[in-house]
Structures are given as C-alpha cells and as structure tokens.
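For reference, the structure is listed below as structure tokens.
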Amino acid sequence: MRSSRPAARGRPGKRLIINRSGITRALAQLARAIRLHNHAALAAKSLVFVGVKRRGVPLAERLARLVSRRSSAAVPVGAIDITLYRDDLQMIAETPIVRGTDIGFDINGRTLVLVDDVVFTGRTTRAALTELLDYGRPRAIQLAVLVDRGFRELPIQPDFTGRRLRTDRSDLVDICLQETDDREGVFLTRR
Amino acid sequence: MARRLFAGGRVVDPVGGRVAPADVLVDGGRVLEVGRRLDEAGAERVDCRGRHLAPGFVDMHCHLREPGREDEETVASGCRAARAGGFTHVCPMPNTEPAVDTEALVRFLVRRGEDAGLCRVHPVGCCTRGRQGRELADLGGMRAAGCVAVSDDGDWIADARVMRRVLEYAKVFDLPVLSHCELPEFKAGVANEGVVSTRLGLEPVPAAAEAAAAARDVLLAELTGSRLHVCHVSCAATVDVVRRAKERGVAVTAETCPHYLVLNDEAIVGFDSNYRVNPPLRSEVDRRAVVAALEDGVIDAIATDHAPHSREEKETEFGAAAPGIIGLQTAFSLGFEELVLKDVLGLPGFISRLSSVPAQILGLPLPRIAPDCEADFVVLDLDARWQFTPADSLSLSRNTPFLGRELRGRVVATVLGDSLLTSGGGSA
Amino acid sequence: MSFRHRHLLGIEGLSRDDILTVLDQARTFREVLDRPIPVVPALRGRTIVNLFFEPSTRTATSFNLAASRLSAQCVSFSRATSSVTKGESLLDTARNIEAMRADGIIIRHSQPGAPHFLSRRLRAFVVNAGDGPHEHPTQALLDAFTLREHFGDLAGRRILIVGDIAHSRVARSNILCFTRLGARVAVCGPPTLLPRYVEELGCSVFYRLDCILGEVDVVNMLRVQAERMTSASLPSLREYRQIYGLTRERLAGLGPSVVVIHPGPVNWAVEMDYDVADFPQSLVLNQVKNGVAVRMAVLYLLAGGREEADG
C-alpha cells in the first residue's frame, strides 16, 4: 500500500484530498490484493462481498466486478445496514432511520469481504461484525476500506487499505461516489 | 358595628336596569343612604373609585358536600369560596351523605352556615326520601326549617307519578321544584353525542336525553300548576322546550352555568377530565343557543353548579372521572367576559341573572343597594385581568378547567351585613 | 423521513409522513424476522411493560415478541394477575411500574383516553394498544402495511369496513389511517352500530352490505360481540350474518382481485363463514405476521433515541 499522504495543515476549510482517478487507482490496488489473498476461495466460488451502507455498497460492487473480471462467475454482493447494532443509539436525540440489510445469499462457510468507505473509530465495523454473525458463520471475514483515517477506539484493523490519511480527530472526512453523490472524491474538512 | 362609606363608585341597579355614580353609606349592617357626595362623618371611608357596586349574588345551585364528604368541601369552605366570588347567598343541593330530606338536616345546614358567618345559607331539600324517587320527603317540615326549594339534583325523578305528586305537594308550601333533567337510561354516556364523541369513541349522551326529561316535567308542571325550575340547561333542544312552555304560560324557570356559556364539546379532545361534567359540554350550536336564551330571558338565571371533587375522583381516565366543576370564584368573571364584554347583556342585565332573578325564583328578599335594605353587595373591578390559580382556591377542591386562564373582571370585596371581606389581589 | 413523537396514542396525531416512516421501517424489521437469528440489539437494556387491563393474547404476545426481538425486556401485567382488580387506580398502578424503571408502557384499557392520561404523567413513553372504542393505532398500521404490501400504493383504493363501527377502535383507527394514505373508505353496518356523524371522520356510510360489496378493493371485516344483542343493538347473530356477514355466497361473488382482512379474533359463522380461512384472497395470516414487524418499528422509533426527545 502507498504510505500516507500528509493532511494539509493549518487553514480551516474543505479540500479535495483524493480525486476520481486516485480513487480508481486505489480500488484497482485493493482488488488486486483481495484477489491474490483469496485465490482459492475465488476459484471455489465461495468469496462474497458485503458493503456497509451507504457508501460501502457501491464500493463493494465495484470491487466485486474488478475481482471477478477474469473469473467465470460474478462474485455476489450484499448490503448491510448497521443502524440497529450501533452502540450509541441511546445517546442520540432522534432515532435514526433504518434503511435495511439485504444479503441475498447464505454466508455460512464463505469467505466474506466486508467493505466500507472509511475506517475511523472502528465502531461501525464492530457493529457490522456483530450483525453478520447473526446471519450465520462465515469461514472468514476480512475488512477492506478505501480510506483509513486513524483514531481507532477498538482493536479493529483493515486487511486491505486503499489509502491512509493523517487527520486531526476533529476533521471531517467525506467520500463522494458517482453512485451516491454524482461526483467522485475524498474530501477533508478542517474546522 | 361598623359605619362605612363606600365612596366614588358606580352603583348597578339590576332591577331598574341602571348604572349610576353614587356613594353608599352603611351602618349596622344595613344601607343607610345612597346618593352623590354623601357626608362621611364618623364613617370608615372605603375608596371605590374606578369600581362598581352591585347587589350580592345568589347561587341557587351549588354543592357543599356537607354532611358526608367534608374532604371535598364543607359549608364553611364553600362559603369562603362563595364570598370571594361575590355570592352573599348560597343554596346547597341535598345530594349529600346522608341526603338532606328531613327538617333536622335542613336545620343542621342552616346552623353550619350561621357558624361560618360568611354567607346566607338557604338549603335546598330533597323532593323524595333519600333521593330514591319513590316517596315524598317532609316538604312542610323542611320548609319550616328554612329550605327554599326542593330537588333530587343528581338524578331525575323517573317515575312520572311521583314527580306529579312532588309538584302538587310542593305547591302547598310554595316551594319551586328544581329538576335535574336527564333520562336515566342515558346515564352511561360521558360526552355529548356529536362529532367529538364519535371521534373519541366516548359513550354518547344525546341532547334529547335532557330535553325529553325537561319536556315531561314541563307538561306535568302545566298539569299541576306548580312552579318548576329546570337546572343546568346545556342545549338548544331544552331551550326550545322551555321557550314553548313559557309561551303557553307554564310557571317554569330555568338556569344555566358559566361553563355552558364559555365551553363547547371540542374542549374534551385530549381527554382532560377537568372538562367532564354532567350535563356534558355540548356542541357550539348548543352553546350559542344557551347564550341567546339568556339574552332573551328564556333562561332566567345563572347558577354555578359548583361541584367539588377530590383529586382521586378527578385524576383518572375521562370516563371514570367524577363529573363536575367548581365555580364559585370564577362565575362572575366568566359570565362578565362572555356576556357583557361580548355585548350580549348589559351590566345590569348580567348582574340580575346572578342576583335578583334567582332571588325572585326562590322567594328570597331581592338583594338591593337601597336605603333600609340589608347591606349585601359586592365591589367589582371590571378592568381587572387575573388568573385563578390552585393557590387562590378557597374551596377544598381544585377541579376546574379554568385554572390558568386569563379572566376579565373581578369581585374585589363582598359586603354581608356589617362584614366586609376583600378577595385577594387588591383592596376595595 | 422522520418520526418526532414521544408516544403513540393514536393515528389521530400522525401525519401521512409519520405513517409512511413507520411502514418503511417495518419493512426493514420484516427482514430481521426472516434471519436465522431474528434479534437485533437496538433496544438492549430497555424495559418495556405490557399493561393490559383488557384480556388479549395476540396483541400482548405480538408486542412481547416485538420488544424481545429488539433485545428489550418485556414484562406483562394483566388484569387477572395484578392488583388492578383490587381497585388500585390507574395512576397508582402506572406510577408503581415506572418506579421499576420502565422505559415504555404498552397499555390496553377499556376507557378512551387512558393512554393519554398516562402520557401526561409518566416519564416512560406510552403506546396505545387499544383504549376502549377510541383507537388501536398499531392495528391500523399493520393493516395498512399488509394492504400496501399487496397493492403497493393505497391512493384511490376503495376500502370497506363492515361491522360494529360504533364500538370498534380498529374501525376508527383504520378510517383515519387509510384516508390519510389516500384510500377511499366506506363503512357498513346496522344504524344501531354506526355512530352519528361518522362521515365526519372521512368515510361514506352504507346500511346494506350487498349495495356496496361489489364495488370495493378491500373488505375489512370487524368482530361482532354477543353483548350487542343484550343492549338492543342487534336482533340476533343469525340476522347479522344474513345481512352483514361475509357468507360463503358473498365470498364466492367477490371479484378476483378483492382482498379480505380482519383484526381477529374471528367469530366464525357470524361476521365471516369458515370458508374465508381457505380463501386465497384473504390476507388475515399476513396481518398476524406483519404485526410483530410493525410493532418493532413503533418501539424502535419511540425508544431508539435519547429519553428527552420531543413530542
């Protein structure tokens, strides 16, 4: 993986950190690494992708297409909504709307690549893991993220990372994707 | 014995229909003189500038709960509330425990009133023994002991032959029969039958339940030639029954209460049991008809139907709550706002509905501010704006939906003989 | 989409958006119920009390399951087993329960307004599981969910509610809910069981079932209680079935796209003949299945956030 790109220091404001072609390159690298690592599972058709809503889903779909480009069959993709598994539900003022989980295949015994756009404190991933294990018992779960921005609060580490960003705790990192936002880019907002 | 000069106010004469500036000189519990710029030698001066003086009010229908429910109200506490509300005369209804159906109990109430010394108490006796609606009570004995009318209020005398006998016998003692008109088969209802009761799924009671009972009573009164009085008229249909009866020359009178003038059944949306009352709050059409009936005299008097209830009886689901609203301290203000400020009645006309008219119906001496009359009158501040809070309630109970409502006009003092009592919030 | 209410006291207080939010969330909870482990931790640590002053197996169980599937703990108080029968007031009963740190109370009571009464006095959130003849909002929501699952949108659909409308909380809630979702609602029953001014709720009125049965998309039958005969509202159950019942003859004459729902429990051979149980166009079992999901959605939306949410 490429080493971290230093975050812009100083001035507050929103800036583009990774552009469209940067994202494309990162995804290509991720797909290559995932394919290499899961060569056997792919051949046995037991590799699956699950994206964490919202933006993990289009990323999972893209990765699945890239990974299965030279394979005979498409790799299945599911979507998971972790709202009901959040550990902070009792602390927020308004009940968040649940968008629903949609995993249309059996995950038992599969090698499951969990895909999210950003890993930060690690709590979202923890919630996703708990929920996935309520669905069944995969052979293995691996975590693939487009961006790792640090500040983990739980012992959770991605297996596959697109880019590492050095950020301040109070920064906002936003990912925009064509499928959800009509443009592409990773933005950092310093307050 | 106090000699007092109430100076600088305007005196309301409900009988003559006039309001005129005048001073009032009181001595020994009686009015000595009424006139302009009276000489105040030796008299305590009571400044009444900006105030109005009117004859004391007569509440011909209230509940003082003694004997039996002294936790909810006593004659003493009720009279304190009455006095603060401008009432110099109160007529407690006999649906107590035990019911007031003998001369001994009437005497008991009269004595309790004298002990309290705050209001003139004129008990109403039962029509039938124990209010059971079957046998006549001792109307003669009760009359002699001081009761001014008879009523089985709380219930309607369902047996028509019994009601006829009551009317006939009461005539001997010149006792008006005050009838609580409600067909008993509809007693399970808790709300006026209308859009609101349909929306809320509350057991309905149609206006006809009141009007049909009133119609029967009116026809029996016509048959016997007795004096009938219809209590707490709440709807247009009953107004109609009374109007036609009067046109035929039947000796019928009628009363309504402040809550029927001011509220309609929309108030119960939300299920606040402070609005649970019997008869129930009716539709807006009914409310307007009742107001109009006061204006043209089909309804003669305003009474409070002051009905104290304990917290545990009221603070419960709407249908299970005891019906009733306390009203002695708010009656004047509510009526003043709805009738005088909205130009339905002039001030003298409004005061007459509270004072001279009920007195006349009950055969009491007409309260008047005139020489050689008992000094029973009130001092009013018509510009006052105030709120009735739980702390203001002199009644032992607090069940009223008017808490916290901005009220217009206020009784600031009540004179009864030679006692002068100010009501909170300003001196006379 | 949002749901900013502290309590669910009736359909009356809900906007069309509120209703659609609940139904939308119910869909996600249907998916949860189909999982191998049909439990989510969203309400872990919360305590929900079923306070049922009127007997009910299916509604109480449905709420119990809904709470449990959300990892909340559900405790039931029923009239038969509690001090309620000893004459303890509603307020005292509820206060005692709240003292045990209940987060939410689901109340079924014979008096209209009982849930409203509690909501003004307790810190817990309150769900109306039926207050006398007034409202039964979760039933209306699950009926709407069931019908939308079948038809998609309810706009313009013609829905007929048949039975004892005057005493039916399901009728009142359903009329409000269906009209708010754009359906055209009619009610049918004997005049003795139709409250005056019912049209003001937004429906049309029919006194003969055969006059209207051929022109509707949904037939919503209601339960008729035997007590109505003693109160002179009905001559006999036999007569009721003849004129207002969904008999096998009437069932046979229903168009191929007409569906039937009933809140249950059914008085077979009174309001419906037993043939309805096998009728392919009956959605009654779907209603039961959807009940848990809808109630999960309600509990989640009311309990999910911080205690001091407004409404």
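No lab work stands behind these numbers, since they all come straight from the coordinates. Bear in mind the structure is a predicted one, so any value in this text is a computation, not a measurement. Every residue, glycine among them, receives a Cβ derived from its backbone with ideal geometry; neighbour counts consider all protein chains shown.
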Q. C:Arg16 versus A:Phe105, label points 7 Å from Cα toward the beta carbon: distance in nm?
A. 4.1 nm
Q: With runs of 4+ DSSP H residues as the only contributors, calculate the mean residue ellipticity of chain B at 222 nm using -39,500 (n - 2.57) per run, divided by the residue total and rounded to the nearest 500.
A: -8000 deg cm²/dmol
Q: Scan chain A and hand back the longest stretch that contains none of the GluC sites (Glu not before Pro) lying in DSSP loops with at most 14 other Cβ atoms within 10 Å.
A: A:1-93
**Q.** Under 23 Å from the Cα of B:Lys246 - lysines, other chains or at least 8 residues apart
**A.** B:Lys171
Q) Over all directions, what mean area does the Cα convex hull of segment B:56-362 project, stated in square nanometres? A) 13.8 nm²
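Net charge near B:Glu222, counting Lys/Arg +1 and Asp/Glu -1 over other residues with Cβ under 12 Å of its Cβ?
Numbers: positive: B:Arg164, B:Arg216, B:Arg227, B:Arg244, B:Lys246, B:Arg248; negative: B:Asp217, B:Glu247.
Summing Lys and Arg as +1 and Asp and Glu as -1 gives +4.
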(Q) If the elastic network links every pair of Cα atoms under 10 Å, which of C:Glu88, C:Glu98, C:Glu12 fluctuates the most in the Gaussian network model of chain C? (A) C:Glu88
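Arranged from highest to lowest average of other beta-carbon atoms within 10 Å per residue, in what order do the peptides B:106-118, B:404-416, C:247-259 appear? Each step should come with its number before you reach the end.
On the way: B:106-118: 18.3, B:404-416: 20.5, C:247-259: 14.2.
Packing proxy ranking, top to bottom: B:404-416, B:106-118, C:247-259.
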Q: Run the quick spin-label model on B:Leu366 and A:Ala43: label points 7 Å from Cα toward the beta carbon, then report their separation in nm to one decimal.
A: 11.8 nm
Q. Normalised by the number of residues in chain A, what is the relative contact order in percent for Cα pairs under 8 Å and 6+ residues apart?
A. 28 percent
Q: Measure nothing fancy, just the Cα-based angle from helix A:20-37's long axis to the longest principal axis of chain A, in degrees from 0 to 90, nearest 10.
A: 40 degrees
Q | Selection of trypsin sites (Lys or Arg not before Pro), segment B:265-352, meeting DSSP coil and at most 11 other Cβ within 10 Å | A | B:Lys342
Q | 0 to 90° range, to nearest 10: angle between helix B:208-224 axis and chain B longest Cα axis | A | 80 degrees
Q: Taking DSSP loops as anything outside H, G, I, E and B, show the longest stretch in chain A free of chymotrypsin sites (Phe, Trp or Tyr not before Pro) there with at most 15 other beta carbons within 10 Å.
A: A:1-104
Q: List the lysines whose Cα lies under 24 Å from the Cα of B:Lys314, skipping any in the same chain that are fewer than 8 positions away.
A: B:Lys187, C:Lys86
**Q.** Extension gain (nm, one decimal) between C:Gln73 and C:Ala155, 0.36 nm per residue minus Cα-Cα
**A.** 25.7 nm
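For a Förster distance of 35 Å, can you work out the FRET efficiency between the beta-carbons of C:Met100 and C:Arg4, rounded to the nearest 0.05? Before the final figure, lay out each step's value.
Details: r = 27 Å, r/R0 = 0.78.
Efficiency for this residue pair is about 0.80.
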Q: Report, by chain and number, residues whose modeled amide H sits under 5 Å from the one on C:Ser76, excluding near sequence neighbours (fewer than 5 apart, same chain).
A: C:Asn50
Q | Coarse-grained scattering of chain C at q = 0.06, 0.11 Å⁻¹, given as base-10 log I(q)/I(0) from a Debye sum over alpha-carbon atoms | A | -0.19, -0.67
Q | Using θ = phi - 60° and Karplus 6.51 cos²θ - 1.76 cosθ + 1.60, couplings along segment A:165-176 (whole Hz; Gly, Pro as x) | A | 10, 8, 10, 8, 4, 8, 5, 10, 10, 10, 9, 10
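Note down the Stokes-Einstein diffusion coefficient of segment C:137-284 in µm²/s, whole number, using a Kirkwood radius over alpha carbon pairs, 37 °C, and 0.692 mPa s. Please list the in-between numbers first.
Working: Rh = 15.1 Å.
Calculated translational D: 217 µm²/s.
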Q: Can you tell me the relative contact order of chain B? Whole percent, Cα pairs under 8 Å, sequence separation 6 or more.
A: 20 percent
Q.
Explain nothing, just the number: relative contact order of chain C, from Cα pairs under 8 Å at least 6 residues apart, as a whole percent.
A. 21 percent
Q. What list of ³J(HN,Hα) couplings, whole Hz, do you get for segment B:11-21 from phi and the Karplus terms 6.51, -1.76, 1.60, once you set θ to phi - 60° and write x for glycine and proline?
A. 9, 9, 10, x, 6, x, x, 10, 10, 8, x
(Q) Projecting each Cα onto the charge dipole of segment B:56-362 (Lys/Arg +1, Asp/Glu -1 at the beta carbon, about the Cα centre), which of B:Val291, B:Val357, B:Gly189 comes out farthest on the positive side? (A) B:Val357
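Mind checking segment A:21-124 for trypsin sites (Lys or Arg not before Pro) that DSSP puts in a loop (not H, G, I, E or B) and that have at most 11 other Cβ atoms within 10 Å?
Working: sites: A:Arg25, A:Arg32, A:Arg35, A:Lys45, A:Lys53, A:Arg54, A:Arg55, A:Arg62, A:Arg65, A:Arg69, A:Arg70, A:Arg86, A:Arg99, A:Arg110, A:Arg123; in loops: A:Lys45, A:Lys53, A:Arg54, A:Arg55, A:Arg69, A:Arg70, A:Arg86, A:Arg99, A:Arg110.
Answer by residue number: A:Arg69, A:Arg70.
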Q.
Amide H of B:Arg51 versus every other amide H placed in the peptide plane: which residues, excluding those fewer than 5 positions away on the same chain, fall under 5 Å?
A. B:Arg10
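Once Rh for chain A is found with the Kirkwood sum over Cα pairs, what is the Stokes-Einstein diffusion coefficient at 20 °C and 1.002 mPa s, in µm²/s? List each step's numbers first, then the result.
Values: Rh = 17.2 Å.
Using the Kirkwood radius from Cα pairs, D works out to 125 µm²/s.
Work out the mean other chain Cβ neighbour count within 10 Å for the residues of B:307-317 and drop it here as an integer. Don't skip to the end; give the middle numbers.
Values: counts 0, 0, 0, 0, 1, 3, 1, 0, 5, 7, 16.
So the per-residue partner count for this stretch is 3.
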Q) Out of residues 5 or more away from B:Val46 or on other chains, whose amide H comes under 5 Å of its own, with H placed 1.01 Å from N in the peptide plane? A) B:Leu5, B:Phe6, B:Ala7
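Taking Cα atoms of the protein assembly as shown, Rg/Rh with Kirkwood Rh, to two decimals?
Rounded to two decimals, Rg/Rh equals 1.12.
What does the charge count around B:Asp159 come to, taking other residues whose C-beta lies under 10 Å from its C-beta (Lys +1, Arg +1, Asp -1, Glu -1)?
Numbers: positive: B:Arg134, B:Arg161, B:Arg164, B:Arg165; negative: none.
Computed value for this residue: +4.
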Q: In whole Hz, with x marking every Gly and Pro, tabulate ³J(HN,Hα) for segment A:144-152 from phi via Karplus 6.51 cos²θ - 1.76 cosθ + 1.60, θ = phi - 60°.
A: 10, 10, 6, 9, 10, 9, x, 6, 5
